[in-house]
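The values are calculated or read from the model by the stated rules, or taken from the named source; none is laboratory data. Since this is a predicted model, take the numbers as computed values, not measurements. Every residue, glycine as well, gets a Cβ built from its backbone with ideal geometry; the counts of neighbours run over all protein chains shown.
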Amino acid sequence: MKNKYKDLIEQTFDFPQDEFSVEDNELNLYDIPLMEIIKQYGTPLKVTYLPKISSQIARAKRMFNVAMAKVDYKGAYNYCYCTKSSHFSFVLEEALKNDIHLETSSAYDIHIINALYDGGVIDKDRYIICNGFKRPQYVENIAQLVDDGFENTIPVIDNKEEVELLDAAIEKKCKVGIRIACEEEPKFDFYTSRLGIRYNDIVDFYKRKIKTNKKFQLKMLHFFINTGIKDTAYYWNELGKCLNVYCELKAICPELDSLNIGGGFPIKNSLNFEYDYEYMTEEIVAQIKHICEMNGIEEPNIFTEFGSFTVGESGAALYSIVNQKQQNDRENWYMIDSSFITTLPDT
Ligand SMILES: Cc1ncc(COP(=O)(O)O)c(C=O)c1O
């Protein structure tokens, strides 16, 4: 009778897959024998396979560059890593080997930027995209970064009051972005994202608060869909709406030159994951190019902020099965030496 976990996997998925292989009945992840690691360090254990981080970044850069070449796209592609996805220094240092930029979401993240600079890992010309709702300490830290000469810091304005807060705190001239508040997916309980400024308000907000302020230069429009980059009518519709705002703004703000499409590339959360990254990348780039062409404007530089995509598949959590519990005549639960929630941060 086939009632082992291995049997279930074999019946349900194609296995082994790219990341996994089985040798002498033992599992390898990226060719690393996991049982060796377990023998050495025990379980529960969290491991990070750093080369995967660099290979994911290289993969995204390659896909965007190929997509851009295919449609003769004039703008550049800039890969940003969002620090919130993993704050570990070994993760950031690996990511930063790949000539990338950074995105921050809180006051704490700015200390990371300063620590990376002090450690000689980055210089002051990286793009530092400061997203998120700006609480007072975050505003102060951003201002310090700009006034310290991080000339490509771009605070992305998340709500209208932030302009005044940033204006009061920053001395030097500063590039800024505006985040568009996307409409949520139709089946979601809420209509509009809590982050960003509503589509219809953006042009007027720019005219009244940014254009009139000599300190600020609008460089970027930011757009992020919570549910990620998916091949759905909803995603393409939101991207189209965002591009229309971009074109409208560009007509009155020639210095605007960048579109940030946020994060949202999915990752392999299960063994039956399928996603055509190349197709999605090509379609995004082609849509941006097409809408800009129809409006007679230069295509923007494209920024992304892939978090899960950068780090998600580099990590593994290893547990031992310590017991089995037969809870009824069919269901047999494995008990592990941890819980996904309670011990992971410490392991
Ligand atoms: C502004 C912004 N950028 C990037 C990300 C990262 O998203 P992901 O991990 O799906 O790539 C998020 C996630 O919430 C986000 O809010």
Self-check item: Residue, nearest to the ligand (Cβ to nearest atom), within the stretch 283-319, restricted to residues that are aliphatic (A, V, I, L, M) and within 22 Å of the chain's Cα centre (by Cα)
Solution: Val311
Self-check item: Sole residue being touching a residue at least 24 places away in the same chain (Cβ under 8 Å) and not in a helix (DSSP H, G or I), chosen from Lys187, Lys160
Solution: Lys160
Practice problem: Please work out which one of (1) assigned to a helix (DSSP H, G or I); (2) in contact with a Ser or Thr (Cβ under 8 Å, 6 or more places away or on another chain) is the condition Ser54 fails and give its number. | Solution: (2)
Self-check item: Matching residues, the stretch 222-246, being away from the ligand (no atom under 16 Å from the Cβ) and of a type in the set (Val, Ile, Thr)
Solution: Val245
Exercise. Could you name every one of the strands (runs of 3 or more DSSP E) located completely within the stretch 72-132 that has at least 3 residues being under 16 Å from Val311 (Cα atoms) and out of contact with any Gly (no Cβ under 6 Å at 6 or more places or on another chain)?
Key: 77-82, 101-104
Exercise. For the stretch 289-309, name all the residues that are without any contact (Cβ under 8 Å) to a residue 60 or more places away in the chain and either of a type in the set (A, V, I, L, M) or over 16 Å from Lys74 (Cβ atoms) (or both).
Key: Ile291, Met294, Ile297
Exercise. Out of the residues in the stretch 93-139 that are under 22 Å from Ile197 (Cα atoms) and charged (D, E, K, R), state the one that is surrounded by the fewest Cβ atoms within 10 Å (Cβ to Cβ).
Key: Arg135
Quiz prompt | Count of residues meeting criterion [surrounded by 11 or more Cβ atoms within 10 Å (Cβ to Cβ) and either farther than 18 Å from Tyr334 by Cβ or under 30 Å from the mean Cα position of the chain (by Cα) (or both)] in the stretch 1-18 | solution = 4
Quiz item: Picking from Thr48, Thr83, which residue would you name as being of a type in the set (Val, Ile, Thr) and more than 14 Å from the ligand (Cβ to nearest atom)?
Solution: Thr48
Quiz item: What residue, among those in the stretch 190-213 that are at pLDDT 95 or above and part of a loop (DSSP other than H, G, I, E, B), is farthest from the ligand (Cβ to nearest atom)?
Solution: Thr212
Quiz item: Taking the condition within 24 Å of Asn141 (Cα to Cα), without any contact (Cβ under 8 Å) to a residue 24 or more places away in the chain and within 15 Å of the ligand (Cβ to nearest atom), does Arg179 pass?
Solution: no
Practice problem: Being among the β-branched types (Val, Ile, Thr) and touching a Phe, Trp or Tyr at 6+ places or on another chain (Cβ under 8 Å) is the filter; apply it to the stretch 19-76 and report the residue that is surrounded by the fewest Cβ atoms within 10 Å (Cβ to Cβ). | Solution: Ile32
Quiz prompt | Which numbered condition Ala181 misses (of (1) surrounded by 13 or more Cβ atoms within 10 Å (Cβ to Cβ); (2) modelled with pLDDT of 95 or more; (3) under 24 Å from Asp257 (Cβ atoms)) | solution = (2)
Quiz prompt | Filter pass, Glu94 being in contact (Cβ under 8 Å) with a residue 40 or more places away in the chain, acidic (Asp, Glu) and touching a Cys at 6+ places or on another chain (Cβ under 8 Å) | solution = no
Quiz prompt | Enumeration of residues in the stretch 247-273 that are within 16 Å of the ligand (Cβ to nearest atom), over 11 Å from the mean Cα position of the chain (by Cα) and β-branched (Val, Ile, Thr) | solution = Ile267
